[in-house]
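Chemist: Just dropping this structure here.
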Amino acid sequence: MNALPQDTARAELRPMSDAHQVTLFDRLAFGGLVLACVASPWPFGSVEFYAIDVLAIWLLLLIGLWALHMAAIKKLVVRMTPILWVLLMLLALGLVQIVPLPFSPHRGLWQSHRISLDPSATLQAITKWSLLVGYFFLASQLLYTPRRLQILVNALIVVGLCVALVGIFNKLTFNGKILWFRPSDFARDAFGPFVNRNHFAGFMELILPLPLLLVLGRAVERDRWIVYGFSALVMGTAILLSGSRGGLMALVAQLLFLPILAQYAWSQRQQQQRGEISLRSGSWWRYVGGTALLVASIVIATWWIGAEPITSRLSLADQFNQSRPILQQRRPAIWKSSLNMIQAHAVFGVGAGAYPTVFPHYDASTGYFFVNAAHNDYIQGVAEMGIIGGLLGLAFLYSLARLIKRVLTVNDRWERSAGLAAAVGCIGLLAHSLVDFNLQITSNALVFLILVAILDTSQWRAGQAQTA
């Protein structure tokens with residue numbers, strides 16, 4: 001979607017160090033990584049076993065190609081970063097949870113000699129987590145040129161636009177089935193290829209900032225602004241039409257953080273270039289004005305398509321007419337019961353993936369409803385992984401904040417705009433995770449980690465371009 005400047009277009013052809021010589025295997029591995037990101041949302045968010053298995057087989061193939069690339073250049077180079085170490089430690093903690101112990105780490109009625117109270121569920125969770133960490137690892141090794149960054153970002157924009165358009169058309173022509181052909185008891189809440197409207201909104205939140213920030217950051221030519229702007233408009237309209245309250249909250253958080261991060265980037269650049277080329281103060285107002293224009297356009301587009309179902313969905317008035325059992329299962333009640341679970345298993349947790357099995361023992365309601373998630377990834381994460389997992393989660397967030405701060409000072413306009421967009425996308429999903437479980441949806445977690453990888457490899461790409 002974007003014509004590359006000549007200097008960046010040739011970056012991949014310039015002489016590089018032996019560790020980053022381009023081979024056919026290297027190109028195929030990167031292409032397969034992009035294909036995985038593009039394909040992951042279509043099989044209903046890749047939450048079913050067959051989709052996870054396909055992604056796992058595909059990952060093994062890509063790792064094999066990467067290994068052949070290393071064999072071809074006759075040198076093994078593995079790029080390890082703090083955030084990758086944190087992800088690996090979380091994975092290791094999950095493995096420890098299924099190891100038999102000579103004593104029971106739990107109190108009371110729980111006499112399991114494993115930390116996990118549902119080892120089979122923990123093994124499934126570890127398998128899925130290994131898959132996601134594997135894709136992040138590959139992205140960390142393969143995203144080393146500006147051209148590859150542009151290919152990946154544009155591919156994400158294309159798939160985001162397609163998923164948004166399909167979601168809107170599916171809503172307008174809904175026939176009671178997911179994507180017009182898949183019958184399901186949960187089809188009423190589906191939107192596009194996602195069974196849950198909130199998870200559709202989560203996927204859109206990740207990608208929407210990409211086209212928006214490439215335009216506002218002037219990383220693409222003026223004659224392409226309309227294409228990228230239209231993509232952002234469609235994605236934003238789809239979020240609103242989905243009727244996801246959590247999605248709307250996350251979108252508002254993104255639009256608030258966007259000018260704040262842009263202001264920080266502008267001030268840092270101004271300090272760096274003091275005495276050289278001063279930046280115009282109007283550059284920050286461009287982000288504010290562009291964001292306001294997008295919001296107005298989304299509201300108008302939603303009103304034109306039909307806003308009445310959205311306003312009724314977002315209305316809180318119907319909550320006063322709900323029966324007592326339904327009220328008991330709203331998020332605050334689930335969170336309260338989850339906190340009781342955390343208190344009982346504070347140090348070790350109940351085991352990754354074991355939350356649905358253990359929750360009924362702490363459910364203060366009638367138990368009429370099955371609760372498969374806490375609708376808060378942070379609470380559920382601590383419940384499953386304990387204090388140690390919570391500390392690793394904080395380490396991940398701290399490392400992510402450092403990456404965001406670093407990428408905002410990058411000199412290259414395309415790199416900085418893509419990094420800012422990745423940061424805003426991550427912030428949106430992290431905000432949405434306060435009231436939902438988007439990080440447990442395979443496609444959403446995959447794209448989230450790919451955005452983190454974009455941030456994590458930013459300085460590396462800059463260094464490779466300088467030494468190329």
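Bear in mind these aren't lab numbers, they're just calculated from the coordinates by the rules spelled out. Note that the coordinates shown come from a computational prediction; the quantities given were computed from them, not determined experimentally. Using ideal geometry, Cβ is built from the backbone for each residue, glycine included, and neighbour counts are taken over all protein chains shown.
Chemist: Between Ile178 and residues 5 or more places away or on another chain, which pairs have amide H atoms under 5 Å apart, with H built 1.01 Å from N, and which residues are they?
Modeler: Ser184
Chemist: Moving on. Where Lys and Arg each count +1 and Asp and Glu each count -1, what net charge lies around Ala67 among other residues with Cβ under 13 Å from its Cβ?
Modeler: Computed value for this residue: +1.
Chemist: If you wrap region 102-170's Cα atoms in a convex hull and average its projection over all directions, what's the area in nm²?
Modeler: Averaging across all directions leaves 8.9 nm² for the Cα convex hull.
Chemist: I'd like to know which of Ser337, Leu293, Leu61 lies farthest towards the positive end of the charge dipole of the chain, counting +1 on Cβ of Lys and Arg and -1 on Cβ of Asp and Glu.
Modeler: Comparing the listed Cα positions along the dipole, Leu293 ranks first.
Chemist: Which residues among region 395-430 fall inside the zone where the amide N is under 16 Å from a point 7 Å beyond the Cα of Val96, along Cα→Cβ?
Modeler: Taking a point 7 Å out along Cα→Cβ of Val96, the residues of region 395-430 whose backbone N falls under 16 Å are 395-396.
Chemist: Among Leu210, Trp42, Val350, flag the residue with its Cα farthest along the positive direction of the charge dipole of the chain, charges on Cβ as +1 for Lys/Arg and -1 for Asp/Glu.
Modeler: Comparing the listed Cα positions along the dipole, Leu210 ranks first.
Chemist: Taking the convex hull of the Cα atoms, report for region 156-263 its projected area averaged over all directions, in nm².
Modeler: 6.8
Chemist: Quick check on the chain: what are the equivalent-ellipsoid semi-axes from the Cα gyration tensor, as sqrt(5λ), descending, whole Å?
Modeler: Whole-Å semi-axes of the equivalent ellipsoid: 36, 29, 21.
Chemist: Under the Kirkwood approximation applied to all pairs of distinct alpha-carbon atoms, what is the hydrodynamic radius of region 401-440 in Å?
Modeler: It is 11.0 Å.
Chemist: So what is the 222 nm mean residue ellipticity for the chain from helices alone, if each DSSP H run of at least 4 adds -39500 (n - 2.57) and you divide by all residues, rounding to the nearest 500 deg cm²/dmol?
Modeler: Result for the chain: -21500 deg cm²/dmol, rounded to the nearest 500.
Chemist: Restricting attention to the alpha-carbon atoms of region 352-468, what are Rg (one decimal) and Dmax (integer), both in Å?
Modeler: Here Rg and the maximum Cα pair distance are 18.0, 65 Å.
Chemist: A further question follows. Relative to 2.2 N^0.38 Å, what does the C-alpha radius of gyration of region 356-414 come to as a ratio? Two decimals please.
Modeler: Normalised Cα radius of gyration, region 356-414: 1.75.
Chemist: Report the Cα centroid-to-centroid distance between region 150-195 and region 364-430 in angstrom, as an integer.
Modeler: 24
Chemist: Another one. For the chain, what is the charge dipole size about the Cα centre, in debye to the nearest 20, if Lys and Arg each add +1 at the Cβ and Asp and Glu each add -1 at the Cβ?
Modeler: Dipole of the chain, to the nearest 20 debye: 760 debye.
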